[in-house]
Amino acid sequence: MTAFEKLHTGSDPFFALRLLAESAKADATVATALAASYPLRILPSQINIMQKLLPLFFIFALLFSCGAEPSATENTAIQSDTAPAPAPEKALPAEYDANAPDNHLRPNYHFTPPAGWMNDPNGMIYHEGEYHLFYQYYPDGNKWGPMHWGHAVSPDMIKWEHLPIALYPDEKGYIFSGSAVFDWQNSSGLGTADNPPLVAIYTYHDMAGEKAGRDDFQSQAIAFSTDKGRTWTKYDGNPVIPNRGVRDFRDPKVIWDADHSQWVMVLAAQDRVQFFGSPNLTDWTFLSEFGENARNHSGVWECPELFPLTVMETQDDAWVLTVSINPGGANGGSGTFYFPGDWDGKIFSPRREAIFSPTDTVNWIDYGRDNYAGVTFSNAPDGRRTFMGWMSNWNYAQVVPTESWRSAMTIPRDLSLHATDFGTRLRQQPVEELKKMRTKNLPLDFPRIGDGVTNIDLSELGTNGAYEVDLTIDLVDSDATELNLTLSNKNGDVFYRIGYSRARGVTNAFFTDRRQAGPTDFHEKFAPESLTVAPRWSNDGELRIHAYFDRTSAETFFDEGDPVMTDIFFPEEPFTMLTLEVSGSSGEGMPEGWSLVKGDIWGLE
């Protein structure tokens, strides 16, 4: 633990001041920069002592900083077009502000940071009854800045408890994205046989190296915990994988490969991924790389993951490689796609399948504009493969109309792999735990959704814009061409729309529209004139639309969870009306509208 990290532990204040002074004497430049970036956390019982020592502290700071060159505060956000804010002169702990003017935009049930900036989910792991969510975090501003690992735990992935920051930047760099594993055999030697460690694997990002124009400013490192993830110690031998001459060399995701008795790491290497193997998490050997000649190189590859899944219909073993890309997403900006394939312990081989759709040659995890850098929980119970993503987009994430906090995570989703008419495809379903949030039920008990408009008042549910809508329609007994589900305020002038069309842009397609869902002028790419579109990946005669709405987001699972569309929006008042609209019935030998097989709406809290 560094002197700077010890300042955050609530340890003896005299010792903390002495450590800071000694570190400043040893390296005034680093000390000045980090002292400006890190919030000082002090126990209430120490306040009087610290007040008396405050003048002495400023004398120390002045003496030891004299003659040091000023630290750089003009950081470059490598994942964004917008430069991150410099570290505040006096950084304060990130605390939830119950009186913040943007609280009406904070989701009801999605995970958000208490304050400050958040992006990629990191280190997701299940351990001893708790789901751990770490995340890219800058506590001292609402734009991208010096990256930390924030930390929260949950028994069910729904109700989260915020914990102290797990990993702080240090002299080696910012703490970029990564993963965590349970080293149950203590292969690393960082715990004991009776108390094996949790091991976090992350990227160090050396801002000074990047500014100097070097390519080797990113490397891979580890930290470990032997107290259920409450405190973390950085490994003395870091980095465990030095840079290999690649400018974008980051985001390690590690899994235990039982068939080959090895830890396997996949990380992003600019326009491809690289695989490494290890017996112990500290010594790594390069295995192979994939992706140089694969489709979709519109942007930098990031946040990859490799994991096994069984093809449900055939019970064949398969592996899935997921990759995030920015820019180059399905509908612009950030996005995540996947390759079904096979893994032999060294090489990943994608399945060579026919392209069944002339409109889409990339397998997207989400066609919406706001699901990026998602990964799955390690060590999840019952063999589950559960996914969460960052619910935003680098096109506009740093300028959305929230100030005290920025960004949310998607709801957790269980993944499964299927043999379909369109090849081997990944499906997503909202986790069962979400059903615990259901309150009052509003059944849709009419047999058909007729041509024209059907209005449903959601205000009686009393859940402030948070709803689950689940309906199934029969496509066979109607020649109607379009179905719209529109969520709006009571006046109907601010709304978000979901739809299915047999004749809009791409035949047999889904679409979403947030152009009238609140302010959009904060960025030109937030709500362009074109709709957000996804092809239908099913030939079934029934169509299911299953949507989770929160105050400021919508996540819609079509058919059996493929495709999925996730969008954010920022209405000033909650949406309390649902309008079902059908159009295009010919009236020639077919009943008008759509037959409603089943339909339910729940309030969520």
**OP:** With the Cα gyration tensor of segment 108-430 in hand, convert its eigenvalues to equivalent ellipsoid semi-axes via √(5λ) and list them largest first in whole Å.
**Re:** 27, 23, 21
**OP:** Express in % the proportion of alpha carbon pairs of segment 112-203 at distances exceeding 22 Å.
**Re:** 31 percent
Subject >> Per residue accessible area in Å² of segment 438-604, where ligands, DNA and RNA are left out and the probe is 1.4 Å >> reply: 38 Å²
Original post:
Per the Kirkwood treatment, what hydrodynamic radius in Å, one decimal, follows for segment 284-400 from the mean inverse distance over all distinct Cα pairs?
Top reply: 15.5 Å
Original post:
What's the center-to-center distance, using Cα atoms, between segment 466-542 and segment 418-441 in Å?
Top reply: 19 Å
**OP:** Taking 7 Å along the Cα-to-C-beta vector as the label spot, tell me the E403-S349 distance in nanometres, rounded to one decimal.
**Re:** 5.8 nm
**OP:** Compute the distance in nm between two label points, each set 7 Å from the Cα along the Cα-to-Cβ direction, one at T420 and one at N99.
**Re:** 5.1 nm
**OP:** Specify the inter-centroid distance of segment 215-242 and segment 280-340, based on alpha-carbon positions, in whole Å.
**Re:** 23 Å
**OP:** Express the accessible area of segment 108-430 per residue in Å², computed with a 1.4 Å probe while the remaining protein chains stay in the model.
**Re:** 32 Å²
Original post:
For segment 219-279, what ratio Rg/Rh do Cα atoms give with a Kirkwood hydrodynamic radius?
Top reply: 1.01
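Treating only the Cβ of Lys, Arg, Asp and Glu as charged (+1, +1, -1, -1), what charge dipole size does segment 423-559 show about its Cα centre? Round to the nearest 20 debye.
Details: 17 positive and 22 negative charges, 70 e Å.
The calculation lands at about 340 debye.
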**OP:** Give the Kirkwood hydrodynamic radius (Å, one decimal) of segment 390-455, defined as one over the mean of 1/r across all pairs of different Cα atoms.
**Re:** 16.9 Å
Original post:
What base-10 log of the normalised intensity I(q)/I(0) is obtained for segment 445-583 from the Debye formula, alpha carbons as equal point scatterers, at q = 0.09, 0.13, 0.16, 0.22 Å⁻¹?
Top reply: -0.26, -0.54, -0.84, -1.54
Original post:
Each label point is 7 Å from the Cα along the Cα-to-Cβ direction; what then is the distance between the points at Q185 and E529, in nm?
Top reply: 6.0 nm
Original post:
What fraction of the DSSP beta bridges in segment 108-430 is antiparallel, stated in percent and rounded to the nearest 5?
Top reply: 95 percent
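Can you tell me the order of 484-490, 139-145, 313-319 when each peptide is scored by its average per-residue count of other Cβ atoms within 10 angstrom, highest first?
On the way: 484-490: 19.6, 139-145: 23.0, 313-319: 13.4.
Put in order of decreasing packing, that is 139-145, 484-490, 313-319.
The values are calculated or read from the model by the stated rules, or taken from the named source; none is laboratory data. Please read these numbers as outputs of a predicted model, since none were measured by experiment. Cβ sites come from the backbone with ideal geometry, for glycine too, and all protein chains shown count toward neighbours. Side chains are part of the model used for accessible areas, which takes the heavy atoms of the whole protein and leaves out ligands, DNA and RNA. Shrake-Rupley method; radii C 1.70, N 1.55, O 1.52, S 1.80 Å.
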